[in-house]
Amino acid sequence: MSLPIVAVVGRPNVGKSTLVNRLVQGSDAIVHAMRGVTRDRSYHRTDWNGREFVLIDTGGIELISDDAFGESIRKQAIMAAEEADAILFVVDGQAGITSGDEDVARILQRSDRPVFLVVNKSDNPGNSNDSFEFWNLGIGEPWAISALHGHGTGDLLDDLVKALPEAEPEPETSEIGIAIIGRPNAGKSSIYNRLIGAERSIVSGIAGTTRDSIDTVIERDGKHYRLVDTAGLRRQSKIDESVEYYSFVRAMRAIDRAQVALLIVDASIGITDGDQRVARFAEERGCAIVVVLNKWDLLPDDDAREAVEEDMPRKLGFIDYAPMIRTSALTGRGIAKLYDLVDLVYGNYMQSVSTSKLNRFLADLRETGHTISRSGSQLRVKYGTQTRQGPPGFTFFANHPKLVDENFRRYMENRMREAFDFTGTPVTLKFRQKD
């Protein structure tokens with residue numbers, strides 16, 4: 001279903017993200033007293049009285065700003081307004097009209113979309129005198145609300161949904177969820193923008209630029225992909241700002257929602273402890289993984305390139321099933337091949353192995369004679385069955401499952417990877433007592 005879009009815009013710190021969270025009845029948008037917390041556009045699906053629509057939370061619009069990201073934030077917000085079917089222009093009822101509000105109003109007066117002037121932080125939303133001065137912005141009738149407490153939002157939503165076009169039905173499609181993860185400043189947003197072929201996330205050389213997780217659904221060769229650009233994941237002990245903490249939570253949620261994780265590594269500095277930690281997050285959450293060695297063009301010579309590749313088994317050996325690709329987001333090298341790798345690992349992630357094939361595999365395995373013996377007992381794996389997909393999970397029934405140790409479990413997984421193509425996906429094995 002192609003849903004109507006509503007952009008939430010205004011100058012910084014007027015309560016846009018608080019309003020978004022109120023309307024979606026959640027906490028997806030990061031709320032903080034610090035100016036400029038919301039930088040990229042973030043999309044949130046919600047409904048009112050059965051009418052579904054998408055809210056776009058945007059950064060504050062400032063024509064003059066000393067913020068290093070000011071121009072990019074403003075550009076993102078204006079793009080959201082142009083993309084929307086309706087606009088919620090949020091102002092601060094306690095602060096009154098500011099020059100920043102007037103600047104935003106002048107931009108929105110040129111829009112042909114319905115604009116709702118939302119006077120937030122109103123102590124008494126039912127008293128129209130509280131918002132009377134905002135008529136001077138030339139946008140239309142002010143709607144006095146309290147996003148924090150929910151006062152006045154129901155009446156606003158009643159009129160908002162009336163102004164929205166009907167949702168357009170779309171053919172049912174399955175989406176492959178892709179989380180783009182990595183340390184700060186590894187090039188995640190640059191690769192994200194290359195993959196979607198449009199400028200959606202702000203790209204900057206400053207670590208921590210992306211704070212919210214940004215979703216984009218794109219179609220390629222008849223397949224649909226949901227890409228999520230996430231904030232850079234740092235060591236938790238270094239997450240000393242509450243904003244960074246919430247960014248970490250959003251990134252974890254993005255990984256939980258994805259089937260495939262693209263682990264972006266800055267090849268110019270090599271594989272670090274931080275890369276290992278991020279890979280662990282994806283592995284523990286059962287994602288298929290592709291290791292993307294980005295900034296490959298910055299390596300000075302063959303010796304440097306060989307050093308990075310030789311470091312892979314030592315640093316990322318615990319995800320040795322993950323394919324590796326060399327890319328440059330700057331030049332576009334390797335980007336087109338990423339989709340082929342995503343298709344490969346996703347297919348393996350959703351692979352189904354029939355019981356007959358699995359038991360033929362066990363019969364061949366028994367012929368090798370490799371097993372475990374302890375205290376006069378010998379392990380015999382009788383039969384097995386696949387118990388889950390995404391990622392593949394198998395349960396094997398044995399006479400003495402307590403004999404299974406980590407070495408045998410690893411041996412079984414390696415033999416299964418030789419027999420069946422599980423490139424890129426984790427595999428879970430369980431051993432149970434045969435009745």
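Please treat every number below as a calculation from the coordinates, not as lab data. All values reported here derive from a predicted model rather than from experimental measurement. Glycine gets a Cβ as well: all are built from the backbone with ideal geometry, and neighbour counts include every protein chain shown.
Per 5 Å bin, what percent of the C-alpha pairs of the range 273-383 does each bin hold, from zero upward?
Each 5 Å bin holds this share of Cα pairs: 2, 9, 13, 14, 15, 13, 11, 9, 7, 5, 2, 1, 0.
Skipping prolines and chain starts, which residues have an amide H placed within reach, meaning under 5 Å, of the one on Gly182, given they are 5 or more residues away or on another chain?
Correct list: Leu233, Ile264.
In nanometres, what is the gap between the two model label sites at Ala304 and Gln389, each 7 Å from Cα along Cα-to-Cβ?
4.4
Report, in listed order, any pair from Lys223/Lys295; Lys188/Lys223; Lys295/Lys337; Lys16/Lys162; Lys295/Lys315; Lys188/Lys337 with a Cα-Cα distance greater than 25 Å. Walk me through the numbers on the way to the answer.
Values: Lys223/Lys295 28 Å; Lys188/Lys223 22 Å; Lys295/Lys337 16 Å; Lys16/Lys162 21 Å; Lys295/Lys315 19 Å; Lys188/Lys337 16 Å.
Checking Cα-Cα distances, Lys223/Lys295 exceed 25 Å.
Take every DSSP beta bridge whose two residues both sit in the range 296-435, then give the antiparallel share in percent to the nearest 5.
Restricted to the range 296-435, the bridges split so that about 60 percent are antiparallel.
If I take R0 = 51 Å and measure r between the Cβ atoms of Asp340 and Asn49 in this structure, what FRET efficiency does the formula 1/(1 + (r/R0)^6) give, to the nearest 0.05?
Working: r = 44 Å, r/R0 = 0.86.
With a Förster radius of 51 Å, E is 0.70.
Run the quick spin-label model on Glu367 and Ser174: label points 7 Å from Cα toward the beta carbon, then report their separation in nm to one decimal.
3.4
³J(HN,Hα) across the range 324-331 via Karplus (A = 6.51, B = -1.76, C = 1.60, θ = phi - 60°), whole Hz, x for Gly/Pro?
Each residue of the range 324-331 in turn: 10, 9, 9, 9, 9, 5, 5, 9 Hz.
Would you mind computing, in nm to one decimal, how far apart the modelled labels at Arg333 and Asp85 are, each placed 7 Å from Cα along Cα→Cβ?
4.5
Be a star and scan the range 301-332 for residues whose amide nitrogen sits under 19 Å from the point 7 Å along the Cα-to-Cβ vector of Arg409.
Under cut-off, by backbone N: 317-322.
Cα centroids of the range 275-353 and the range 409-435: how far apart, whole angstrom?
22
Could you derive backbone 3J(HN,Hα) for the range 152-162 from the dihedral phi with the Karplus parameters 6.51, -1.76 and 1.60 (θ = phi - 60°), listing whole Hz in sequence and x where the residue is Gly or Pro?
Couplings: x, 6, x, 5, 4, 5, 4, 6, 4, 5, 5 Hz.
Local charge sum around Asn136 (other residues, Cβ-Cβ under 11 Å, Lys/Arg +1, Asp/Glu -1)?
-3
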